[in-house]
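Below you'll find the structure, written out as structure tokens, and then a few comments.
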Amino acid sequence: MHAVGVFGGTFDPIHFGHLRLAEEMAEALGLARVLFIPAGQPPHRGTPRTPATHRLEMARRAVQGNPRFTVDGREVAAPGPSYTVDTLTSLRAELGTEVPVWLLLGGDAFLSLPTWHEWRRLFELAHLAVATRPNGGAQTGEPSSELQQEIAQRRNHETRDAPAGSVRMQAMTPLGISATAIRTALARHESARYLLPDAVLDYIHEHRLYIQP
């Protein structure tokens, strides 16, 4: 059964750190597809400075040439906050209940999981794959006690072709690239080349995104 990866974020802008994480997760988990889902109105942070239509188009340009990567615009199109549990519920309605679905998370996002809307329901809808440093550690900080309990119950207990329910820590190539640093560099009229795909950088310059007068 062909497993599907789900990778959400503001992607403001999307960069090589995002793309490399998705590529390594796809290989490690045997994913047939990875859906990049830009957030419309993320509930856990301030409204992205860049309109969702631009972030969606940058994501589309970034994944061109990788047949395993697809951009999904459902959160941008939906009214109201972009809750991951709603997105996964919508995907399950399309994919059915038997297809393995993996929610791809960075370490910091995983640590904040208990603040997410109906976060425990996520395990009913998907497996969670968490990007870690090569030594197996999380990005920063320690999980809360309630998250530690979930990890203890679920970590590395996936069964072959199970649709959901496990947590897997997956070591990733560390790339010190952040969207914040890219936005800062562009605002200062500094080079952001080699931090993100040329097609995305061209789009940014074409539409004067992040660049101060």
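We did not get these values from a lab; they are worked out from the coordinates using the rules stated. The shown structure was predicted, so the numbers you read here are calculated from the model rather than taken from an experiment. Ideal geometry is used to build each Cβ from the backbone, glycine not excepted, and the neighbour counts take in all protein chains shown.
Fully extended, how many nm does the chain gain between residue 121 and residue 154 (0.36 nm per residue separation, minus their Cα-Cα distance)? Walk me through the numbers on the way to the answer.
On the way: separation 33, 0.36 × 33 = 11.88 nm, distance 1.35 nm.
Going from the current span to full extension adds 10.5 nm.
Using the rule -39500 (n - 2.57) for each DSSP H run of four or more residues, divided by the residues of the chain, the 222 nm mean residue ellipticity is -10500 deg cm²/dmol. Please find the FRET efficiency linking residue 95 to residue 212, where r is the Cβ-Cβ separation and R0 is fixed at 45 Å, and quote it to the nearest 0.05. So, using R0 = 45 Å, E works out to roughly 0.55. Descending by average beta-carbon neighbour count within 10 Å, the peptides 50-63, 17-30 line up as 50-63, 17-30, the highest first. Evaluating 6.51 cos²θ - 1.76 cosθ + 1.60 at θ = phi - 60° for every residue in region 197-208, the Karplus couplings come out as x, 4, 4, 6, 4, 4, 5, 4, 5, 4, 9, 6 Hz, glycine and proline recorded as x.
State the Kirkwood hydrodynamic radius of the chain in Å, one decimal place, computed from all pairs of distinct Cα atoms. Don't jump to the answer; show the numbers that get you there.
Details: mean 1/r = 0.0566 Å⁻¹.
When all Cα pairs of the chain are included, the Kirkwood radius is 17.7 Å.
According to the square roots a ≥ b ≥ c of the eigenvalues of the Cα gyration tensor, what is the shape class of region 65-105, taking rounded for a/c under 1.5, prolate for a/b larger than b/c otherwise, and oblate for the remainder? Note, shape of region 65-105 comes out oblate.
Relative contact order for region 39-187: 21 percent, from Cα pairs under 8 Å spaced at least 6 residues apart, divided by residue count. Placing pseudo-labels 7 Å out from each Cα toward the beta carbon at residue 108 and residue 190 gives an inter-label distance of 1.7 nm.
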